[in-house]
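**Q** Have a look at this one before I ask anything.
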Amino acid sequence: MNVSSCMKRNVVSIPANATVQHAVELAVKYHIGTLPVVDKEGKLLGIVNLKGLLSLVMPDFVQLIDNIDFLSDFGAVEKRRPSDEDLHHIVHDIMEKPICVKENSSLLHAAAMLSKHILKDIPVITEDGILIGLVSHVDIGTALMETWKLV
């Protein structure tokens with residue numbers, strides 16, 4: 001079994017020249033945390049993720065605190081929004097290098113890549129680099145469990 005058998009095929013993506021504001025709107029509208037960046041032919045160029053978008057307003061100290069169990073409310077920090085200038089930047093400026101798997105990758109290879117790179121979803125591409133889907137731990141786990149049916 002490979003990732004193409006269980007991936008999500010209806011993937012929301014964005015062009016590299018779109019604005020950060022548009023990326024935010026897509027993330028909110030579709031309730032997604034992984035937004036692949038593609039060219040006109042659908043070739044995967046990069047990734048914009050929720051962490052990258054939120055980093056526009058979240059202070060660095062939040063990432064530095066090892067034990068935040070005692071904090072239940074960050075107050076005004078949670079209400080901050082990016083500047084209009086930040087929202088008008090293009091996606092190319094904030095996208096990350098894509099980590100992806102090919103459509104014929106095994107389920108365990110994709111699961112290992114998700115774990116190694118601490119990802120929620122990983123793009124699935126063709127041999128030519130064209131985005132064709134996204135696969136998550138849930139997609140992989142449920143695909144593996146489908147074979148556990150009692151005989």
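Read-outs throughout are calculated quantities, based only on the coordinates presented, and are distinct from any laboratory measurement. All figures in this text were calculated on a predicted structure; none of them were measured in a lab. All Cβ positions, glycine included, derive from the backbone under ideal geometry; neighbour counts span all protein chains shown.
**Q** Show me 127-139, 92-104 ranked by packing, highest mean number of other Cβ atoms within 10 Å first.
**A** 127-139, 92-104
**Q** Students often get this wrong, so check it: of Lys8/Lys43; Lys40/Lys97; Lys8/Lys51; Lys40/Lys116; Lys97/Lys120, which have C-alpha atoms separated by over 26 Å?
**A** Those over the limit are Lys40/Lys116.
**Q** Mind listing the long-range amide H neighbours of Ile125? Cut-off is under 5 Å, sequence gap 5 or more, other chains count too, H placed in the peptide plane at 1.01 Å from N.
**A** Val101, Lys102, Glu103, Ile132
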